[in-house]
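Trainee: Below is one structure. I have some questions about it.
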Protein chains: 2
Amino acid sequence: MSELVGSRSDMANAQRERAVRSDATRNRDAILQAAATCLTDDPNASLADIAQAAGVARITLYGHFSSRNELMTELVHTSMARVEAELASVDLSGDAWHALESLVDVSWQLVNSLGVLRGVAEQALPAEVMHGSHADPRARVEHLLARGRADGSFRDDMSIAWQTACYFSLLHGAAAEVRAGRVGEAEVRDALFPTLRALLQASPER
Amino acid sequence: MSELVGSRSDMANAQRERAVRSDATRNRDAILQAAATCLTDDPNASLADIAQAAGVARITLYGHFSSRNELMTELVHTSMARVEAELASVDLSGDAWHALESLVDVSWQLVNSLGVLRGVAEQALPAEVMHGSHADPRARVEHLLARGRADGSFRDDMSIAWQTACYFSLLHGAAAEVRAGRVGEAEVRDALFPTLRALLQASPER
């Protein structure tokens, strides 16, 4: 009998613990979601603003993230995990030009939607955190470039490191121009792939 | 006689004033020069470090610049005045491709030498200060692109705003890659113009 009581009480404890953990997870997700929205709307949004938007007490937010920088760092990691998941779903097999076009399309959507956040994070966090977050997208592009030059699709008289640098400079530069209101989002969407194609196709000498 | 004494004393006063002013100018220049060097070596250099490197007392530095941000803002303006002077000296007449090559060469030297400083300033100053400082280089590129497409040298199926965005994205992106140690400076110097040429020449359809 005492064993049964013991196991009932264990079960209740376990259930309570699970409930607390799942509340905690829900709060944490809500805070990260609210942080993304608030900081995109207003890069100077305070932790108090973010707690309010997440519908949690400020003390709850501090329980999860002890500082603005800790929250931002986690936001960068969460965003990059999302980026990684979406990029991993792009089919990069088959014709290298088609693969490039698909990758550029998805990448642009991600960079454009996460662009403000990236700017905010760059202002707040050490460069190592930002660069460290970027290894996988870079490797994916390098791999596609290597494949495309191996089958003769892309020019091979410039280094892959340089072409990769151009790819990301154009993506992120375009997002900055859109944010500054100098170029329209629709224009970038149309122009990015033709621009990269011009960059990567064997160049006729003038 | 009293007039003569008066005028001698006036002359002495004027000389003293000129000496004080020229000391002040010299100190100010030394502080800005030291700030550029210190911040390039260590983006976290303190005002005390900068005063020491300039060979002035800390109180003298604060007499010229009341805060780190004020010093950084002046540094951005001074640097952009130097950029503007050097770019203005580039001969942009004649063949549009040659003009572009000359402009890219000088621009790369400037962006590369001022790159760290730019990064530091971007972290410290509001985006308006940084963007405001950039109007003239942009106008010069836009003007050259317009001339080159008018005479049939450059492709005209993408907007000048977009091509200008690409120009600056590649320049500044390349500087960031060099600072991150992913691409060598010599490679960028060799690759920038061919890359921009690929981007701007009429593209053969695949």
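The values are calculated or read from the model by the stated rules, or taken from the named source; none is laboratory data. Nothing here was measured: the structure is a model prediction, and the numbers come from that model. Backbone-built Cβ (ideal geometry, glycine too); neighbour counts: all protein chains shown. What goes into the accessible areas is simple: the full protein's heavy atoms, side chains included, and nothing from ligands, DNA or RNA. Shrake-Rupley method; radii C 1.70, N 1.55, O 1.52, S 1.80 Å.
Trainee: For residues that are in contact (Cβ under 8 Å) with a residue 12 or more places away in the chain and outside any helix (DSSP H, G or I), scanning just segment A:54-87, find the one that is surrounded by the fewest Cβ atoms within 10 Å (Cβ to Cβ).
Mentor: It comes out as A:Gly55.
Trainee: With respect to B:Val76, is the statement that it is closer than 30 Å to B:Leu200 by Cα and not assigned by TED's automatic domain parsing to the domain that holds B:Asn27 true?
Mentor: Here the answer is no, as B:Val76 does not meet what is asked.
Trainee: Can you tell me which residue is surrounded by the fewest Cβ atoms within 10 Å (Cβ to Cβ) among those in segment A:158-205 that are outside any helix (DSSP H, G or I), within 8 Å of chain B (Cβ to nearest Cβ) and out of contact with any Asp or Glu (no Cβ under 6 Å at 6 or more places or on another chain)?
Mentor: A:Pro204
Trainee: Take segment B:89-102 and flag every residue that is among the small types (Gly, Ala, Ser) and touching a residue at least 40 places away in the same chain (Cβ under 8 Å).
Mentor: The answer is B:Ala96, B:Ala99.
Trainee: While we're looking at this one, here's another question. Select, from B:Arg138, B:Arg147, the only residue that is out of contact with any Pro (no Cβ under 7 Å at 6 or more places or on another chain) and modelled with pLDDT under 95.
Mentor: B:Arg138
Trainee: So which residues in segment A:97-119 are under 22 Å from A:Ala202 (Cβ atoms) and open to solvent by less than 40 Å² (accessible area, probe 1.4 Å)?
Mentor: Those that are under 22 Å from A:Ala202 (Cβ atoms) and open to solvent by less than 40 Å² (accessible area, probe 1.4 Å): A:Trp97, A:Ala99, A:Leu100, A:Leu103, A:Val104.
Trainee: Inside segment B:34-52, can you point out the residues that are crowded, with 16+ Cβ neighbours inside 10 Å and touching a residue at least 24 places away in the same chain (Cβ under 8 Å)?
Mentor: Once the filter is applied, which keeps residues that are crowded, with 16+ Cβ neighbours inside 10 Å and touching a residue at least 24 places away in the same chain (Cβ under 8 Å), segment B:34-52 yields B:Ala35, B:Ala36, B:Leu39, B:Thr40, B:Leu47.
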